[in-house]
Amino acid sequence: KQEVTQIPAALSVPEGENLVLNCSFTDSAIYNLQWFRQDPGKGLTSLLLIQSSQREQTSGRLNASLDKSSGRSTLYIAASQPGDSATYLCAIGGTGGSYIPTFGRGTSLIVHP
Amino acid sequence: NAGVTQTPKFQVLKTGQSMTLQCAQDMNHNSMYWYRQDPGMGLRLIYYSASEGTTDKGEVPNGYNVSRLNKREFSLRLESAAPSQTSVYFCASSDSGLAGYTFGSGTRLTVV
């Protein structure tokens, strides 16, 4: 059974810092990995999707990398802003013929001015 | 471009009442999912539908039923609501997972 771990569970940083959020998974035979953002009381918004054949994806100040062999993905946030405050979740998009995603518990990020 | 639409957004039920949560997607996705999210528990899969005409149990199906009405719509029914079903419910869809997953904005359900 795929297990997904996100470290740290919570993070508080001053504005302007560069951040790295971590996601690790136990089964490397994945189809893809997706990073989401969830604001309090809201739904999940997709940030980046990395297919199994890709090493990284970039969108603005966000960069996500994928290393299947080590079972790890990182989400890099450059020059953090208070508006980045949210919970970030990673989801493994299925393994071994199953397309059911497995989610981590998330990293709760606070960026203070 | 609506994506995944869930109704209602909020609901308060009394113990024993029934209700149906509605979900519709306009992306022509094959697969649809129902999750519940509780503090400290993360997202837990209730039921999913890999394609029109099929449904399967997820991690926490007890107390729920689902209907894949057509390719667009996937509803979740609580036949006899219990306080343990107080949660935020999310519907999601995907094109068999290969292009990622799209979530609705959620239904916040309170059972008193």
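Does residue B:51 satisfy being within 11 Å of chain A (Cβ to nearest Cβ), under 20 Å from residue A:39 (Cβ atoms) and open to solvent by 20 Å² or more (accessible area, probe 1.4 Å)?
Answer is no for this residue.
Filter segment A:101-113 down to the residues that are within 14 Å of chain B (Cβ to nearest Cβ) and either farther than 13 Å from residue A:37 by Cα or not in a loop (DSSP other than H, G, I, E, B) (or both) and list them by number. I'd like the intermediate steps shown before the answer.
Kept after step one, since they are within 14 Å of chain B (Cβ to nearest Cβ), are these residues of segment A:101-113: A:101-108.
Residues satisfying the conditions are A:101, A:102, A:103, A:107, A:108.
From A:113, A:8, which residue is touching a residue at least 12 places away in the same chain (Cβ under 8 Å) and open to solvent by 50 Å² or more (accessible area, probe 1.4 Å)?
Only one candidate qualifies: A:113.
Under 9 Å by Cβ, and 6 or more places apart or on different chains, what pairs join a residue from segment B:62-77 that is without any contact (Cβ under 8 Å) to a residue 24 or more places away in the chain with one that is in a strand (DSSP E or B) and aromatic (Phe, Trp, Tyr)?
From segment B:62-77, the pairs are B:65/B:47; B:67/B:74.
Looking only at segment B:25-42, filter to residues that are under 16 Å from residue B:76 (Cα atoms) and not aromatic (Phe, Trp, Tyr); which one of those is surrounded by the most Cβ atoms within 10 Å (Cβ to Cβ)?
The extreme case among them is B:32.
Looking at residue A:58, is it over 27 Å from residue B:88 (Cβ atoms), open to solvent by 20 Å² or more (accessible area, probe 1.4 Å), in a strand (DSSP E or B) and of a type outside the set (D, E, K, R)?
Answer is yes for this residue.
Quick check on residue B:68: is it open to solvent by less than 50 Å² (accessible area, probe 1.4 Å), among the basic types (Lys, Arg) and within 14 Å of chain A (Cβ to nearest Cβ)?
Here the answer is no, as residue B:68 does not meet what is asked.
So residue A:21 passes all but one of these: (1) surrounded by fewer than 17 Cβ atoms within 10 Å (Cβ to Cβ); (2) farther than 16 Å from residue B:98 by Cα. Which condition number does it fail?
(1)
For segment A:84-100, which positions are assigned to a loop (DSSP other than H, G, I, E, B) and either under 24 Å from residue A:61 (Cβ atoms) or open to solvent by 10 Å² or more (accessible area, probe 1.4 Å) (or both)?
Across segment A:84-100, the qualifying residues are A:85, A:93, A:96, A:97, A:98, A:99, A:100.
Out of all the residues in segment B:101-112, is one or more among the small types (Gly, Ala, Ser) and more than 10 Å from every other protein chain (Cβ to nearest Cβ)?
No, the conditions are met nowhere in segment B:101-112.
Report yes if residue B:100 is in contact (Cβ under 8 Å) with a residue 24 or more places away in the chain and within 26 Å of residue A:31 (Cβ to Cβ), otherwise no.
Numbers: in contact (Cβ under 8 Å) with a residue 24 or more places away in the chain: no; within 26 Å of residue A:31 (Cβ to Cβ): yes.
Judged against the criteria, residue B:100 is not a match.
Given the criterion modelled with pLDDT under 95 and of a type in the set (Phe, Trp, Tyr), identify the matching residue among B:33, B:101, B:47. Let's see the steps before the verdict.
Numbers: B:33 fails: modelled with pLDDT under 95; B:47 fails: modelled with pLDDT under 95.
None of the others qualify; the one that does is B:101.
Any idea which residue in segment A:24-47 is surrounded by the fewest Cβ atoms within 10 Å (Cβ to Cβ), counting only those that are more than 14 Å from residue A:106 (Cα to Cα) and facing another protein chain (nearest Cβ under 9 Å)?
A:41
The values are calculated or read from the model by the stated rules, or taken from the named source; none is laboratory data. All values reported here derive from a predicted model rather than from experimental measurement. Backbone-built Cβ (ideal geometry, glycine too); neighbour counts: all protein chains shown. Keep in mind that these areas ignore ligands, DNA and RNA; they rest on the heavy atoms of the full protein, side chains included. Shrake-Rupley method; radii C 1.70, N 1.55, O 1.52, S 1.80 Å.
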